[in-house]
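The values are calculated or read from the model by the stated rules, or taken from the named source; none is laboratory data. Quick caveat, the model's predicted, so the values are computed rather than measured. For neighbour counting, all protein chains shown are included, and Cβ atoms are generated from backbone atoms with ideal geometry for every residue, glycine included.
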Amino acid sequence: MRINGLSLGADLAPFVRGATERLARLIAARNLVESSPDILGGMPVIRGTRVPVYDVAASVAAGIPIERILSAYPTIDREKVELAAIFAEANPPRGRPRSRGELPKGAVIVSDRRIPRRKKPG
């Protein structure tokens, strides 16, 4: 492309190379995960284990050192921890988290007043 006598060009090779590498990691992450109603009620787990993918990814997101994560889940390795984080980022869990049914220790109810939802117009 020429603008005012200047030649401009763009080398897209680094972008394409990076995108291709990230796509390969995402495919590997998706292949790492399995979900079956027979294993933890269908929760996504790391293939061949009962380790929940979102638990591992939450540990990574919380900044827990990888050595500590590996000691908590001895059936997985560093690569699986990284792929679990990639999977969780690309596939966020849907819906509300499951209710525990009880308040955490030390929690205090400040008000029990309920506010009804507004009805949608129409």
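In the range 14-36, the residues that are under 15 Å from ALA57 (Cβ atoms) and free of Cβ contacts under 8 Å to residues at least 60 places away in the same chain reach residues that are of a type outside the set (S, T, N, Q) and in a loop (DSSP other than H, G, I, E, B) with C-beta atoms within less than 9 angstrom, at least six apart or across chains, in these pairs: LEU32/ARG47; VAL33/PRO44; VAL33/ARG47; SER35/MET43; SER35/PRO44. When restricted to residues that are surrounded by 10 or more Cβ atoms within 10 Å (Cβ to Cβ) and either modelled with pLDDT of 95 or more or of a type outside the set (A, V, I, L, M) (or both), the range 33-50 contains 12.
Which is surrounded by 11 or more Cβ atoms within 10 Å (Cβ to Cβ) and of a type in the set (Gly, Ala, Ser), of ALA13, ALA107, ALA61?
ALA61
Entry remark, the range 81-122: residues being among the hydrophobic types (A, V, I, L, M, F, W, C), in a loop (DSSP other than H, G, I, E, B) and closer than 16 Å to ARG47 by Cβ number 0 in total.
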